[in-house]
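Participant: Just passing along the structure, written as C-alpha cells.
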Amino acid sequence: MPKKQFKSESKRLLDLMINSIYTHREIFLRELISNASDAIDKLCYIALTDEGVGLSRDDFCIEISADKEKRTLTLRDNGIGMTAQEMENNLGVIAKSGSLKFKQEHTDAPDDIDIIGQFGVGFYSAFMVSSRVTVTSRAYGEPRANVWVSEGSDGYTITECGAERAGTEIILELKPDTDDDNFSEYLEEYTLHSLVKKYSDYIRWPIVMDVTRSRKIEGAPDESGKPAISWEDYTERETINSRVPLWQRPKSELTEERMNEFFKTEFGEDDDPAAAIRVDAEGAASYRALLFIPSKAPYDYYSREYEPGLKLYASGVMIMEKCAALLPDYFRFVRGVVDSQDLSLNISRETLQQDRALRVIAANLEKKTKAELLRLQEAEPEKYAAFYRAFALQLKHGMLGGYGENRDKLRDLLMFYSAGEEKLITLEEYAKKMPQGQPYIYYACGESAAALAKLPQCAAVTARGYDVLYLTDDVDEFVANLIGKQGEIELRSVRAEDLGLTTAEEKKAIEQSEEVYREVLDFVKESLDGKIAAARFSRNALSAPAALTAQGAVTLEMEKYFAAMGGDAAPRVKAERVLELSEAHPAFTALRAAHAQDRDKAARYAKILYNLALLGAGLSPDDPAALTELVAGLMS
Ligand code: ADP
C-alpha cells in the first residue's frame, strides 16, 4: 500500500521535532497517556446511556508494557478508539494550533528549537523517542480496526486489521541508543513508574503496569532441618497513579508548578497561564473547579473556530468537553474544569442550559473570575498586562454586546494607554491623579499612539499638564462613549468641539471673532465644496493652524470603523466634518489677507489648511496630486 504523506507543514515541523535536541523528551509519555485518558472519558460518557459498550466505570484502564528484547514500549487503552478516517485526520496533521503559529512565526527556525515546549504537539512527541510508531485502533461501534504505521516524516500507511474490542494500542519502537542519548531507559520499570508519577499522577483512570517483585520461597529442609530459602521474581499488575484529579486535591498540594503543568497538558497550551483559580464550593451547588486565565490568546481565538467552554464532570465522569453555558460570553477565554455532584450523570446536553445547579455554578464562576482579574490587575500588573494584551478586545466587545448591559460589570477591567504615564492605566487611576481644575478625562482615538501624539488637540491638552488616553483599538470610541463617565467625571474625546481648556470669557471672545470673520469662514466652507459642514475657530487653544473634528453623532473614528467593515451601511455613516481654524495662527492672518485681496489665492489657502487638518487627524488627503500642485503653486 502506498505511503501517504503528512500535510506539508506537518512534515516540516515533524522533521524539526524528531531531530531537535529536546531536553524534556520524556513528556511523550504524558502526552500519550493524556490522549488515552481523553479517549476513555469519551467512551465512558457513551456507556452511561448505551449498554452496548459493555464496560462499567471500573473496567477502564490504560496499560503500559515494555519489551526489552524487542525494544518496544506499548500503551493500550479501552477508550473510544479511532476510525481510519479519524486516524487520517488526527494523526496525519500536526496539532492545528502549533502548525499555524509555527508557520507564521518561525519560517527559519533553528533545528534545536524547543518545539514541544512551545507548541504542545501531543501525539507527535512519540517520534522524539521512536524510530517507528504503530497505532492500532478500533473505534467504538465499528466492526473493524485499522493500523497506522509511520517511521517519521516520510509518511504513514493505514491498513485494515482485526481487533477484539474498541480502543487504541500504540507501539513505540524505541530509537537505538547513542553516546548521548539513552532511549533504553524508557523500557525500565523504574523510569516508567517515576514518569507516570511525575506527570500523570492525577489521571483519573488507572494506569497499570506489570511490575516485577521478589518473593521468598521456602524450600525443603536442609541438613540442619531449616527450610532452604531462595528468592523468586514474579510479576504483579499494579496501578501506578494515585488517580486523584488535581481539582480534588487539598489546596496545599496545588503548587503553582503543578497547576501550570496541568494547564498546559490539559488544554494543549504552550505558556503558563496568567492566573489559576481554585474553587471549592458548597451550598446552593457543591462543586470543585480549577479555572485558568490564559496569558496568550489561542491562535484561533478571534475566529469562528474557537470553541469556548469548561470541561464538565458530574461526580468524576466527564459529561462535556466544552460546556459554554458555564461562562458568560465576555469571559470565554477562561479554560478549566468543573466537577459537581449536583449534576445528574445522564443530563442531556440540551437541558443542561436550564439546569439550576449549572446556573448557580456559572454565576459563581463569573464572580470568581472577575475577582481574580481585579486582584491580578492590582497585585501582578505585568501578568495582567499580558492577559490584557491578549484579551482586551474580548472585554471591549463583551461590553458593547448586549446593548451595553455588561458595561458596569466590565468597566473596571479595562485599561487604556496613558500618554503621561506611558503605560496602561485604569480610568480610576486616571481620575485619581487629575490635577485640580481639569474638567474632563481626555481620550484620543486613532491608529497608533505615535500618530495620536501628533494630533493638534492632544498637544493642546498635554500643554495644560493634563493626561490623554490613547485609544487604538477600532472599537475604542464606542467603548468610551458607552462608559461615558468615571464617577462624576465625563470622558471627552480630544476631537470634541469644546475641551474645556478656555474660560467662558475667552469663548465669548472667540464667538465674537467668528462673527467678525463670518465672511472669511463661510468662504472657507464654500471653497471646500461640500467637504465640510462648517468652518469655525477652535475653542481649544490649538497651536496648529487647523484641526479636523466632527459635529453630530458620527465621529471621524466611527466613519473609519464602518468604512473598514464594509457593507451597505458604510457609505451612509459619514461624519459631518468641521474645520477648526486657530484664529491666532499666522496662517489665518494670511488667509484673511488673501480673502481681502485675491480670492483665488484664499481658496487655495483654504484647501491647504483643510489638507493639513486631514493629515493632523491621521487621515490621507483626498487628492494627494492636487495637494502637491497647490503647495508647489505657492512656491512658484
Ligand atoms: P490533541 O490531544 O492536543 O488534540 P494529539 O496530537 O495528541 O493532539 O492528538 C490528536 C487527536 O488524535 C486527539 O485529539 C484524538 O482525537 C486522537 N487521539 C490520539 N490518541 C488517541 C487515543 N489513544 N484514542 C483515541 N483518539 C486518540
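The values are calculated or read from the model by the stated rules, or taken from the named source; none is laboratory data. The model shown is predicted, which means the values in this text are computed figures rather than measured ones. Methodologically, a virtual Cβ is constructed for each residue, glycine included, from the backbone with ideal geometry; neighbour enumeration extends over all protein chains shown. What goes into the accessible areas is simple: the full protein's heavy atoms, side chains included, and nothing from ligands, DNA or RNA. Shrake-Rupley method; radii C 1.70, N 1.55, O 1.52, S 1.80 Å.
Participant: Would you mind working out the accessible area per residue for the chain, using a 1.4 Å probe, and quoting it in Å²?
Facilitator: Ligands and nucleic acids excluded, the figure is 49 Å² per residue.
Participant: Another question, then. Apply the a/c threshold of 1.5 to the C-alpha gyration tensor of the range 415-498 and tell me whether it is rounded, prolate or oblate.
Facilitator: Details: a/c = 1.30, a/b = 1.10, b/c = 1.18.
Rounded, since a/c falls under 1.5.
Participant: If packing is taken as the mean number of other Cβ atoms within 10 Å per residue, what is the order of 365-373, 482-490, 606-614, 197-205, highest first? Could you put the intermediate results ahead of the total?
Facilitator: Numbers: 365-373: 17.8, 482-490: 13.3, 606-614: 22.4, 197-205: 19.3.
Highest mean packing first, the order is 606-614, 197-205, 365-373, 482-490.
Participant: Can you give the FRET efficiency to the nearest 0.05 for Ser242 and Asp154, using r as the Cβ-Cβ distance and R₀ = 41 Å?
Facilitator: 0.50
Participant: What value, in deg cm²/dmol to 500, does the helix sum -39500 (n - 2.57) over DSSP H runs of n ≥ 4 give at 222 nm once divided by the residues of the chain?
Facilitator: Details: 21 runs with 235 residues, N = 636.
For the chain, the value works out to -11000 deg cm²/dmol.
Participant: Further, regarding this structure: Tell me whether the chain comes out rounded, prolate or oblate; compute the Cα gyration tensor, take square roots of the eigenvalues as a ≥ b ≥ c, and use a/c under 1.5 as the rounded threshold. Mind showing how you got there, number by number?
Facilitator: Numbers: a/c = 3.10, a/b = 2.45, b/c = 1.26.
Prolate, because a/c is 1.5 or more and a/b exceeds b/c.
Participant: If you don't mind, there's one more thing I want to ask. What angle do you read, to the nearest 10 degrees and between 0 and 90, between the alpha-carbon axis of helix 504-516 and the longest principal axis of the chain?
Facilitator: 60
Participant: Where a Cα-Cα gap under 27 Å defines reach, which lysines qualify for Lys216, not counting those fewer than 8 residues away within the same chain?
Facilitator: Lys68, Lys226
Participant: I need the GluC sites (Glu not before Pro) found in the range 157-206, filtered to DSSP loop residues with at most 11 other beta carbons within 10 Å of theirs. Walk me through the numbers before you get to the answer.
Facilitator: On the way: sites: Glu160, Glu164, Glu169, Glu173, Glu185, Glu188, Glu189; in loops: Glu164, Glu188.
Of the GluC sites (Glu not before Pro), the ones in loops of the range 157-206 whose Cβ has at most 11 other Cβ atoms within 10 Å are Glu164.
Participant: A further question on this structure: Please give every one of the aspartates and glutamates within straight-line cross-link reach of Lys531, meaning a C-alpha to C-alpha distance under 15 Å, and leave out same-chain neighbours fewer than 8 residues apart.
Facilitator: Counting by Cα, and skipping residues close in sequence, Lys531 has these aspartates and glutamates nearby: Asp522, Glu559, Glu576, Glu580, Asp622, Asp623.
Participant: Any idea how far apart Lys454 and Glu282 come out in nm if each label point goes 7 Å out from Cα toward Cβ?
Facilitator: 6.5
Participant: Which of the peptides 81-90, 400-409 is most tightly packed, and how do the rest follow, judged by the mean count of other Cβ atoms within 10 Å per residue?
Facilitator: Values: 81-90: 18.0, 400-409: 13.4.
So the peptides 81-90, 400-409, ranked by packing, come out 81-90, 400-409.
Participant: Just flag the GluC sites (Glu not before Pro) in the range 236-335 sitting in loop per DSSP whose Cβ has no more than 15 other Cβ atoms within 10 Å.
Facilitator: Working: sites: Glu236, Glu238, Glu253, Glu256, Glu257, Glu261, Glu266, Glu269, Glu282, Glu305, Glu321; in loops: Glu269, Glu282, Glu305.
Taking the range 236-335 and a limit of 15 other Cβ atoms within 10 Å, the loop GluC sites (Glu not before Pro) found are Glu282, Glu305.
Participant: Separate question: What's the extension gain from Glu629 to Gln512 if we count 0.36 nm per residue and subtract their Cα-Cα distance?
Facilitator: On the way: separation 117, 0.36 × 117 = 42.12 nm, distance 3.51 nm.
Residue separation times 0.36 nm, minus the Cα-Cα distance, leaves 38.6 nm.
Participant: Sorted by mean Cβ packing within 10 Å, highest first, what order do the peptides 44-53, 124-133, 470-479 take? If you can, show how the numbers build up before the last one.
Facilitator: Working: 44-53: 15.3, 124-133: 22.2, 470-479: 19.9.
In descending order of packing, they fall as 124-133, 470-479, 44-53.
Participant: Another question, then. Note the full-extension length gain between Thr191 and Gln5 as 0.36 nm times their separation in residues minus their Cα-Cα distance, in nm to one decimal.
Facilitator: Values: separation 186, 0.36 × 186 = 66.96 nm, distance 3.38 nm.
Result: 63.6 nm gained on full extension.
Participant: Whole-Hz Karplus ³J(HN,Hα) for the range 300-308, in order, using 6.51 cos²θ - 1.76 cosθ + 1.60 and θ = phi - 60°, x for Gly and Pro?
Facilitator: 3J(HN,Hα) across the range 300-308, in whole Hz: 9, 3, 8, 10, 5, 5, 4, 10, x.
Participant: Here's a follow-up. Using Cα positions and a limit of under 17 Å, work out the aspartates and glutamates in reach of Lys432, with same-chain residues fewer than 8 apart set aside.
Facilitator: Straight-line reach from Lys432, under 17 Å: Glu378, Asp412, Glu421, Glu422, Asp467, Glu488, Glu490.
Participant: Give me the distance between the Cα centres of the range 398-451 and the range 474-510, rounded to whole Å.
Facilitator: If you average the Cα positions of each part, the centres end up 13 Å apart.
Participant: Let me ask another. Using the Karplus curve 6.51 cos²θ - 1.76 cosθ + 1.60 with θ = phi - 60°, work out ³J(HN,Hα) for each residue of the range 192-198 in order, rounded to whole Hz, and write x for Gly and Pro.
Facilitator: 4, 4, 6, 5, 5, 4, 5
Participant: So what's the angle, to the nearest 10 degrees on a 0 to 90 scale, between helix 8-18 and the longest Cα principal axis of the chain?
Facilitator: Value to nearest ten degrees: 60.
Participant: Name the residues whose placed amide hydrogens come within less than 5 Å of the amide hydrogen of Tyr313, ignoring near sequence neighbours (fewer than 5 apart) on the same chain.
Facilitator: Residues meeting the amide H criterion: Ile319, Val338, Asp339, Ser340.
Participant: Same structure, new question: Ignoring ligands, DNA and RNA, what percent of the 1.4 Å accessible area of the chain is carbon and sulfur? All intermediate terms of the calculation are to be shown ahead of the outcome.
Facilitator: On the way: 14700 of 30940 Å².
Carbon and sulfur: 48 percent of the exposed surface of the chain.
Participant: Based on the Cβ-Cβ distance from Thr178 to Lys198, what FRET efficiency comes out when R0 is 25 Å, to the nearest 0.05? Working shown, then result.
Facilitator: Values: r = 24 Å, r/R0 = 0.97.
Plugging the Cβ-Cβ distance into 1/(1 + (r/R0)^6) gives 0.55.
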